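What follows draws every value from the coordinates through simple rules; no lab data is involved. Bear in mind that the values here come from a model prediction, so they are computed numbers and not experimental data. Reconstructed Cβ throughout: ideal geometry from the backbone, glycine too, with neighbour counts over all protein chains shown.
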């Protein structure tokens with residue numbers, strides 16, 4: 001295929017996803033779920049719904065925000081902004097659809113400009129038993145008690161110039177809360193002690209960007225933990241390159257250079273490879289062996305796909321197949337994850353920001369106008385259903401049990417089959 005470039009034979013390595021948060025049934029701890037990959041393997045989600053069909057409840061949400069709801073036990077948490085970004089909130093909705101908490105955590109005197117597709121509350125929270133962690137980029141990071149909604153600690157001095165608003169979501173690793181800080185002025189990654197909010201480590205990006213224009217130094221991706229407890233690897237896409245760190249200390253393990261910036265998709269992993277999107281304007285998908293050391297630019301990319309790759313929605317992967325959808329036109333591509341060979345391509349139409357999910361034998365794609373297209377997993381394209389809501393999705397979905405939680409521009413829906 002003309003869009004696939006092979007650079008090295010496949011070297012299988014025994015590398016699996018390291019779960020983020022908890023994989024306990026019923027929890028969706030960060031914006032891509034228990035393993036950070038958008039998969040809800042055992043969920044039995046509805047095939048069809050509308051404003052009146054298979055809607056268990058819907059609740060209007062105050063303010064505006066594109067953060068994904070995260071769930072623990074009977075609570076769903078997300079962030080929101082009001083007053084043009086001057087007031088930043090944390091919202092909690094109960095599993096019964098009631099708005100339980102609306103906590104103002106930060107006041108911003110002069111909100112920075114944002115891209116028209118962004119919001120002042122786009123980074124998704126991350127949750128664990130008893131604690132919710134929220135991040136508004138340079139405007140602040142906070143920890144709240146989930147039982148009382150009391151603010152435990154805040155930080156407002158981990159700063160950068162996002163240029164177009166924040167987008168990277170935090171993750172948890174052991175006692176650490178880790179997040180990207182890739183601005184046009186500074187580029188680094190930070191880890192805070194989750195119990196106190198104090199800095200545990202902070203590491204500057206090592207690739208020299210001195211000759212790169214300032215606007216081409218920013219990025220919006222979220223890191224992914226892979227490996228095992230003995231040898232964890234934090235895969236961390238940034239502008240002009242991707243990095244890997246030891247998440248315990250922040251020590252850089254390797255970096256890989258490429259041309260690209262403003263990338264949003266989070267990596268996914270499987271079969272010994274990590275899949276990274278490089279750029280917003282001309283996104284490439286790279287299949288990377290994450291077991292290198294030092295500069296691995298010329299040695300650890302197995303293949304790259306350059307045609308019809310996503311600028312914003314993250315990929316999903318299952319059964320040796322990787323699925324992507326383009327922002328414009330909704331072009332879905334299914335690639336063989338080992339070789340990069342295109343299996344099929346199908347145009348949904350519409351524009352997309354939310355990341356797709358896999359539940360059971362289906363792949364769900366959500367567009368900005370409220371249309372969800374359900375496709376069959378596999379090496380042949382098959383459309384199973386098309387569903388529409390009144391308002392579109394910018395936030396990625398969450399899955400709790402057999403319930404699908406969709407945050408539209410207006411509110412939060414619990415989509416679930418009758419009797420579920």
Restricting attention to region 217-244, which residues are in contact with a strand residue (DSSP E or B) (Cβ under 7 Å, 6 or more places away or on another chain), surrounded by fewer than 17 Cβ atoms within 10 Å (Cβ to Cβ) and farther than 15 Å from residue 289 by Cα?
none
Only residues that are assigned to a strand (DSSP E or B) and over 22 Å from residue 162 (Cβ atoms): list them for region 199-232, please.
200, 225, 226, 227, 232
Out of (1) buried (at least 19 other Cβ atoms within 10 Å of the Cβ); (2) out of contact with any strand residue (DSSP E or B) (no Cβ under 7 Å at 6 or more places or on another chain); (3) without any contact (Cβ under 8 Å) to a residue 40 or more places away in the chain, what's the single condition that is false for residue 66?
(3)
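Taking region 45-59 as the region of interest, how many residues are more than 13 Å from residue 405 (Cα to Cα) and touching a residue at least 60 places away in the same chain (Cβ under 8 Å)? Before the answer, list the steps.
Step one: list which residues in region 45-59 are more than 13 Å from residue 405 (Cα to Cα), which gives 47-48, 50-53.
Applying the additional criterion that residues be touching a residue at least 60 places away in the same chain (Cβ under 8 Å) yields 47-48, 50-51.
Going through region 45-59 one residue at a time, the tally reaches 4.
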Given the criteria free of Cβ contacts under 8 Å to residues at least 40 places away in the same chain and either within 26 Å of residue 314 (Cα to Cα) or in contact with a strand residue (DSSP E or B) (Cβ under 6 Å, 6 or more places away or on another chain) (or both), does residue 144 qualify?
no
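Yes or no: residue 130 surrounded by fewer than 19 Cβ atoms within 10 Å (Cβ to Cβ), in contact with a strand residue (DSSP E or B) (Cβ under 8 Å, 6 or more places away or on another chain) and on the phi > 0 side of the Ramachandran plot?
yes
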Would region 109-118 turn up any residue that is touching a helix residue (DSSP H, G or I) at 6+ places or on another chain (Cβ under 6 Å), crowded, with 18+ Cβ neighbours inside 10 Å and in contact (Cβ under 8 Å) with a residue 40 or more places away in the chain?
no
Go through region 33-78 and count every residue that is more than 21 Å from the chain's Cα centre (by Cα) and part of a strand (DSSP E or B).
6
Looking at region 186-209, can you tell me whether even one residue there is buried (at least 19 other Cβ atoms within 10 Å of the Cβ), within 17 Å of residue 279 (Cβ to Cβ) and within 18 Å of the chain's Cα centre (by Cα)?
no
Go through region 295-317 and report how many residues are over 21 Å from residue 368 (Cα atoms) and assigned to a loop (DSSP other than H, G, I, E, B).
7
So residue 218 fits all but one of (1) without any contact (Cβ under 8 Å) to a residue 12 or more places away in the chain; (2) under 20 Å from the mean Cα position of the chain (by Cα); what number is the exception?
(1)
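Which residues, taken from region 133-142, are surrounded by fewer than 24 Cβ atoms within 10 Å (Cβ to Cβ) and more than 17 Å from residue 82 (Cβ to Cβ)?
So in region 133-142, the residues surrounded by fewer than 24 Cβ atoms within 10 Å (Cβ to Cβ) come out as 138-140, 142.
Within region 133-142, just 138 meets the criteria.
Please verify whether residue 214 is closer than 23 Å to residue 293 by Cβ and surrounded by fewer than 16 Cβ atoms within 10 Å (Cβ to Cβ), treating the condition exactly as stated. It would help to see each step written out before you state the result.
On the way: closer than 23 Å to residue 293 by Cβ: no; surrounded by fewer than 16 Cβ atoms within 10 Å (Cβ to Cβ): yes.
Answer is no for this residue.
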